Amino acid sequence: MAELITKEQMAYQRSFIMKLKEENARYAMKNGHVRLALTETYGCQQNENDTERIRGMLREAGFEFTDDSYKADVVIYNTCAVRENAEQKVFGRLGILKHIKEERPNMLIGVCGCMVQQEHITKKIKSVHEHVDLVFGTHALYKMPELLYKAINEKKTVVDIESSDGAIAEDIPIMRDDAKKAWVSVMYGCNNFCSYCIVPYVRGCERSRTPEAVLNEVKALVEDGCSEIALLGQNVNSYGKDLDIEIDFSDLMRMVNDVPGVERIRFMTSHPKDLSDKLILTMAECDKVCKQLHLPFQAGSDKILNQMNRKYTKEEYLAKIEKVKKAIPGISLSTDVIVGFPTEKNEDFEETLDVLRKVEFDNIFSFIYSRREGTPAAKLDFVLTDEEIHTNFNKLLEVQNEISKRKNEAYIGRVEKVLVDGVSKNDKETLSGRCDSSKIVNFKGDKSLIGKYINVKITEAHTWSLNGEIAE
Ligand code: SAH
Ligand code: SF4
Ligand code: F3S
């Protein structure tokens with residue numbers, strides 16, 4: 001069972017939040033304005049959830065927030081290591097901050113998260129980006145108050161990227177932007193070691209939170225008016241394996257389903273090898289669990305799947321999907337796909353297209369393989385050229401876009417319950433929200449409907465979204 005960071009340690013961190021708060025109050029008295037913080041997130045939902053905790057700690061320490069790097073006193077980038085372009089973006093941003101810091105030398109720059117949990121990256125930051133004042137990895141998140149206090153007051157670069165594999169920190173303050181929807185991490189880390197993936201190295205081994213901790217968080221969220229809960233983990237189906245009580249993810253799902261006030265439950269991510277019949281049945285039986293499943297298959301060729309260390313075959317994957325479709329008719333399916341894994345040939349890629357055509361996902365998240373230092377796949381040689389890989393990638397999108405559009409067209413005429421998120425990005429007169437299957441639905445309506453569940457009749461379908469009108 002995962003160790004908890006002790007109450008004493010958490011209280012120690014809280015003492016630094018109080019010290020920062022006093023400093024911030026003194027600063028505001030002297031300067032007539034409070035110190036401002038800026039946070040940016042580059043990674044997945046887990047990282048977003050971590051950023052919510054970073055903002056929670058900053059808020060309790062008396063900081064207010066800005067989106068403007070030219071106004072921020074503290075900048076924290078929460079980084080992702082999963083693909084090279086995510087890392088490049090951060091280095092690019094750090095380059096820009098260097099110039100801003102030349103004009104505003106008191107600005108504090110912090111980099112945290114998955115990327116800096118890798119030693120070679122931290123070395124590069126120390127040597128190339130000397131203007132960075134604070135570096136902390138995923139395991140040191142709960143220590144941010146102490147580290148930030150030291151970075152501000154000791155005027156030297158503070159680094160904490162030690163791996164404290166196995167520990168979980170509960171009760172870190174949190175600041176969520178959405179009042180109605182919340183992510184709740186049920187477990188951390190990953191033990192799967194897919195050969196291309198850096199996540200197990202930067203997030204550590206699987207650790208489950210206790211059901212009490214998860215349920216207490218869910219109940220507190222509901223009391224605050226939240227009604228949609230997304231249960232998070234790199235592989236939620238492993239939930240509970242490391243706990244010393246008999247419990248699995250299906251059991252936890254049922255417990256969350258029983259919490260009064262919860263209206264919708266989503267979860268991600270499931271690994272196909274661990275998607276059990278029990279979970280499929282539980283999804284079908286729990287009325288609040290959305291009819292939606294994200295089940296990454298990554299590649300269609302058995303040879304590639306084997307080299308990826310995914311531990312299932314194409315046929316096994318397709319058989320699981322059939323079971324899911326049968327148990328939960330009309331379920332919306334999504335997946336992750338990697339194109340251009342080193343040993344992938346065109347004939348392997350055809351198998352990936354075949355899976356798309358057979359399953360007919362509602363949407364997919366597709367990625368071009370990115371070499372990650374330290375992973376087993378990094379040693380493999382490529383068969384296809386970059387150009388061939390890009391051609392395949394475009395082909396993948398072409399095949400999927402047609403399927404996505406067709407799947408969306410089937411919604412025309414249906415009435416869908418939509419949780420309204422806000423006004424649409426493109427048109428301020430239009431509201432935007434998500435239906436049960438998580439598709440984006442845009443419709444005309446008054447702003448007062450934001451945060452409410454509204455029945456919307458679907459009138460039009462696009463590749464990425466649906467349009468509709470409020471149903472009578
Ligand atoms: N634990 C989740 C998500 C992991 S990261 C899962 O297993 O599904 C999200 C996605 O990024 C993965 O599903 C995979 O498709 C992609 N990914 C991971 N490593 C990658 C790499 N080296 N290059 C390209 N895509 C990668
Ligand atoms: Fe990475 Fe595989 Fe773990 Fe997902 S299951 S985080 S792809 S190692
Ligand atoms: Fe997520 Fe990226 Fe880390 S995908 S777990 S933020 S490496």
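Packing, as the average of other Cβ atoms within 10 Å across residues, places the peptides 417-427, 231-241 in the order 231-241, 417-427, highest first.
Most simply put, the chain has about 30% antiparallel DSSP beta bridges, counting only bridges with both residues inside it.
Our summary gives the chain a relative contact order of 10 percent, counting only alpha carbon pairs under 8 angstrom and 6 or more residues apart. Where a ≥ b ≥ c are the square roots of the eigenvalues of the C-alpha gyration tensor, would you call the range 136-270 rounded, which needs a/c under 1.5, or, failing that, prolate if a/b is larger than b/c, or oblate? Oblate shape, in that a/c is at least 1.5 and b/c is the bigger or equal ratio. Between residue 278 and residue 154, the distance separating the two model label sites (each 7 Å from Cα on the Cα→Cβ line) works out to 4.7 nm.
Computed from label points 7 Å out along Cα-Cβ, the spacing between residue 311 and residue 18 is 4.6 nm. Dividing the convex hull volume of the alpha-carbon atoms in the range 327-462 by its residue count gives 159 Å³ per residue. Oblate is the label for the range 1-61, because the ratio a/c of its alpha-carbon gyration tensor axes (a ≥ b ≥ c) is 1.5 or higher and a/b is not greater than b/c. For the range 89-190, the Cβ-based charge dipole about the Cα centre amounts to some 420 debye (Lys, Arg positive; Asp, Glu negative; other atoms uncharged).
If you wrap the tightest convex hull around every Cα atom of the chain and split its volume per residue, you get 158 Å³. Would any residue of the range 456-472 have its amide N under 12 Å from a label point 7 Å out along Cα→Cβ of residue 430? List them or say none. In the range 456-472, the label zone of residue 430 (backbone N under 12 Å from the point 7 Å along Cα→Cβ) covers 459-469.
Placing unit charges on the Cβ atoms of the charged side chains and taking the dipole of the chain about its Cα centre, the candidate lying farthest along the positive direction among 95, 330, 456 is 95.
Kindly provide the GluC sites (Glu not before Pro) of the range 346-378 that DSSP labels as loop, not H, G, I, E or B, and whose Cβ sees at most 13 other Cβ atoms within 10 Å. Passing both the DSSP loop test and the Cβ count: 373. Here's the picture: charge each Lys and Arg Cβ at +1 and each Asp and Glu Cβ at -1 in the range 213-300, and of 253, 284, 218 the one pushed furthest to the positive end of that dipole is 284. Here the relative contact order of the range 199-267, from alpha carbon pairs under 8 Å that lie six or more residues apart, stands at 39 percent. Annotation: the antiparallel percentage among DSSP beta bridges lying fully within the range 154-304 is about 15. Computing Rg and the Kirkwood Rh from the Cα coordinates of the range 5-154 gives a ratio, Rg/Rh, of 0.95.
Distance from the C-alpha centroid of the range 244-306 to that of the range 1-64: 33 Å, rounded to the whole angstrom.
Unpaired Cys in the chain, meaning no second Cys C-beta under 4.7 Å: 44, 80, 112, 114, 190, 205, 226, 286, 290, 435. Dividing the summed -39500 (n - 2.57) terms of all DSSP H runs of n ≥ 4 by the residue count of the chain sets its mean residue ellipticity at 222 nm at -12000 deg cm²/dmol. The portion of the accessible surface of the chain made up by carbon and sulfur, rounded to a whole percent, is 50 (1.4 Å probe; DNA, RNA and ligands excluded).
Taking every lysine pair in the range 391-472 that is 8 or more places apart or spans two chains, those with Cα atoms closer than 12 Å amount to 8. For the pair the range 439-459 / the range 157-208, the C-alpha centres are spaced 34 Å from each other. Considering only alpha-carbon pairs that sit under 8 angstrom and 6 or more positions apart, the relative contact order computed for the range 259-342 is 36 percent. Placing a label point 7 Å from the Cα of residue 241 along the Cα-to-Cβ direction, the residues of the range 207-223 whose backbone N falls under 17 Å of that point are 207-210. For residue 281, the accessible area of its heavy atoms, probed at 1.4 Å with every protein chain present, is near 90 square angstrom. If R0 is taken as 30 Å, the Cβ-Cβ distance between residue 401 and residue 177 corresponds to a FRET efficiency of 0.50.
If you sort the three axes of the alpha carbon gyration tensor as a ≥ b ≥ c, you get a/c of 1.5 or more for the range 49-111 and a/b no higher than b/c, which makes it oblate.
The values are calculated or read from the model by the stated rules, or taken from the named source; none is laboratory data. Nothing here was measured: the structure is a model prediction, and the numbers come from that model. Methodologically, a virtual Cβ is constructed for each residue, glycine included, from the backbone with ideal geometry; neighbour enumeration extends over all protein chains shown. Just so you know, the surface numbers come from the protein's heavy atoms only, side chains and all, with ligands and any DNA or RNA stripped out. Shrake-Rupley method; radii C 1.70, N 1.55, O 1.52, S 1.80 Å.
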